[in-house]
Amino acid sequence: MEKIEWKRAGADIFWGEIAPCDHVVQIYEDDGVFLDTLAGFVGGGINNGECVIMIATKDHLDLLHDRLSSYGIKVDVLISDDRYLPLYAEDVLSTFMVNGWPDEILFNQTITSLFQQGLCKNRKIRAFGEMVALLWSKGLNGATVQLEHLWNKLCAKYELSLFCAYPKTGFTQDIGQSLANICACHTKMINGAERQLTEIMYAPVPVRRAG
């Protein structure tokens, strides 16, 4: 990881100009850092007039909603207008996991049905998914990487921006190899070591798209 050249960008610029098909990952050390980044991701989408799909744990959704409300964002209004779609990660996972493995057909049915709520109003989509982190925490490493590849296929098809995050505590195997496996599925990685309210450090990483 020391060989990666980190770049700095204003958080509002980074999230406001994130490219379609970008798949961004953050491996964070504490929830405060993660929530700063997540709030920037959501705020960037709202400011751009996009539909923001948020698939996260209940705790993180509750904390995020509190933070957004403190910024003057009316979460209920956004939800009623299909501009912000919050869902519990465990509930969404249960719709497409079969015997510990993500079923591609069921995954596509579940996620594309969410996309339609934004696309029917001619809005671009950006999505956050914490389902991969839940699978990783259970030791389902192969299923995690497969789910990342399924997301990549949808990123390319719908030209959406995707953000996911992993707590560093979930990396129980060799950290170097684990990071390599995860980073290979993404186009950008955000520094998750320091709290950065107005600035993001990020590094472009190679990505292997599923065929």
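The values are calculated or read from the model by the stated rules, or taken from the named source; none is laboratory data. Just so we're clear, the structure is a prediction, and the values are computed from it rather than from any experiment. Protein only, heavy atoms only, side chains kept; ligands, DNA and RNA dropped before computing areas. Shrake-Rupley method; radii C 1.70, N 1.55, O 1.52, S 1.80 Å.
Below is a table of values for the structure above.
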| read-out | value |
| --- | --- |
| Added length on full extension, which subtracts the Cα-Cα distance from 0.36 nm per residue, ILE73 to ASN122 | 15.4 nm |
| By accessible area with a 1.4 Å probe, ligands and nucleic acids excluded, highest first: order of GLU29, GLU104, GLU130 | GLU29, GLU104, GLU130 |
| DSSP-defined beta bridges in segment 9-158 - what % are antiparallel, rounded to 5 | 15 percent |
| Added length on full extension, which subtracts the Cα-Cα distance from 0.36 nm per residue, ILE105 to ASP62 | 12.5 nm |
| Accessible surface of segment 67-142 [probe 1.4 Å, protein heavy atoms]: carbon and sulfur percent | 53 percent |
| Gyration tensor verdict on segment 31-137 (Cα atoms; rounded if a/c is under 1.5, prolate if a/b is larger than b/c, oblate otherwise) | oblate |
| Surface accessible to a 1.4 Å probe, per residue, for the residues of segment 63-160, Å² | 49 Å² |
| Karplus-derived 3J(HN,Hα), 6.51/-1.76/1.60, for each residue of segment 79-89, Hz, glycine and proline x | 5, 5, 9, 6, 8, 9, 10, x, 9, 7, 4 |
